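Structure first, commentary second.
The values are calculated or read from the model by the stated rules, or taken from the named source; none is laboratory data. Bear in mind the structure is a predicted one, so any value in this text is a computation, not a measurement. When we count neighbours, we look across all protein chains shown, and the Cβ atoms used for this are built from the backbone with ideal geometry, even at glycine. Side chains are part of the model used for accessible areas, which takes the heavy atoms of the whole protein and leaves out ligands, DNA and RNA. Shrake-Rupley method; radii C 1.70, N 1.55, O 1.52, S 1.80 Å.
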Amino acid sequence: MKLYELATKFQLLNEILETEGGELTPELEQKLNTLEGTLEDKIDSIGKVIQHLLGDAQKAKTEANRLTKLAVLREKATTRLKLYLLDNMKKIGRNSVETPLFRVRVQTNSRPSISWTGDIADLPIEYLRVKNELDNTAADNTWRTAGKMPDGFVVEVGQHLRIT
């Protein structure tokens, strides 16, 4: 098999990976195992697919960030415009306005906004919410300095592939 044929087959596998939701199915793994070519050719082709996918993923993240910022901006504008309408309706003493398209009404919230203005240490215990969770940084520091962890912890040191 010529190198360009191998690259074409890997591109097809790339497309199958995308249709499988990024999962390397047993069938796809079997196809990879049956491809002809030297180990170096296979690694080179898979490396190209990986770099291509990483580039596409970065482009998708950039676009997602752009769209997220746009959504936040539009939600913020919506909030500001609603506050503008509320303020103006209150100023003119109108609780309801009907237009050909909308019925806009000033509503009283079903639940008040409540906040604590004092020091959090002075907050009565019945109003304090505590969230317990693992401090991974402290656990990692203990493991690195002591080389072991107390009972109940599982430490797994994984491996990853670096492509340069």
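Confirm whether residue 12 is within 21 Å of the chain's Cα centre (by Cα), open to solvent by less than 100 Å² (accessible area, probe 1.4 Å) and over 20 Å from residue 161 (Cβ atoms).
On the way: within 21 Å of the chain's Cα centre (by Cα): no; open to solvent by less than 100 Å² (accessible area, probe 1.4 Å): yes; over 20 Å from residue 161 (Cβ atoms): yes.
Answer is no for this residue.
Give me the pairs, please: first residue somewhere in segment 23-52 and among the basic types (Lys, Arg), second residue anywhere and part of a helix (DSSP H, G or I) and open to solvent by 70 Å² or more (accessible area, probe 1.4 Å), beta-carbon distance under 6 Å, and either six or more positions apart or on two chains.
Filtered contacts from segment 23-52: no entries.
Residues of segment 23-37 being of a type outside the set (Gly, Ala, Ser), modelled with pLDDT under 80 and part of a loop (DSSP other than H, G, I, E, B), which ones?
Answer for segment 23-37, where residues must be of a type outside the set (Gly, Ala, Ser), modelled with pLDDT under 80 and part of a loop (DSSP other than H, G, I, E, B): 35, 36.
Consider only pairs whose beta carbons are under 7 Å apart and that are at least six residues apart or on different chains; among these, list those whose first residue lies in segment 139-163 and is closer than 30 Å to residue 48 by Cα and touching a residue at least 40 places away in the same chain (Cβ under 8 Å) and whose second residue is part of a helix (DSSP H, G or I) and not charged (D, E, K, R).
Qualifying pairs under 7 Å: 163/47; 163/50.
Determine whether residue 110 is over 30 Å from residue 163 (Cα atoms), in contact with a helix residue (DSSP H, G or I) (Cβ under 9 Å, 6 or more places away or on another chain) and of a type in the set (Gly, Ala, Ser). Walk me through how you get there before you give the answer.
On the way: over 30 Å from residue 163 (Cα atoms): yes; in contact with a helix residue (DSSP H, G or I) (Cβ under 9 Å, 6 or more places away or on another chain): no; of a type in the set (Gly, Ala, Ser): yes.
Taking the combined requirement at face value, the residue does not satisfy it.
For segment 87-122, name all the residues that are in contact with a strand residue (DSSP E or B) (Cβ under 9 Å, 6 or more places away or on another chain) and aliphatic (A, V, I, L, M).
89, 97, 104, 106
Looking at segment 124-145, which of the residues that are modelled with pLDDT of 95 or more and among the aliphatic types (A, V, I, L, M) is most open to solvent (accessible area, probe 1.4 Å)?
134
Given 39, 54, which one is over 29 Å from the mean Cα position of the chain (by Cα) and open to solvent by 90 Å² or more (accessible area, probe 1.4 Å)? Walk me through it before giving the result.
Details: 54 fails: over 29 Å from the mean Cα position of the chain (by Cα).
None of the other options fit; the residue is 39.
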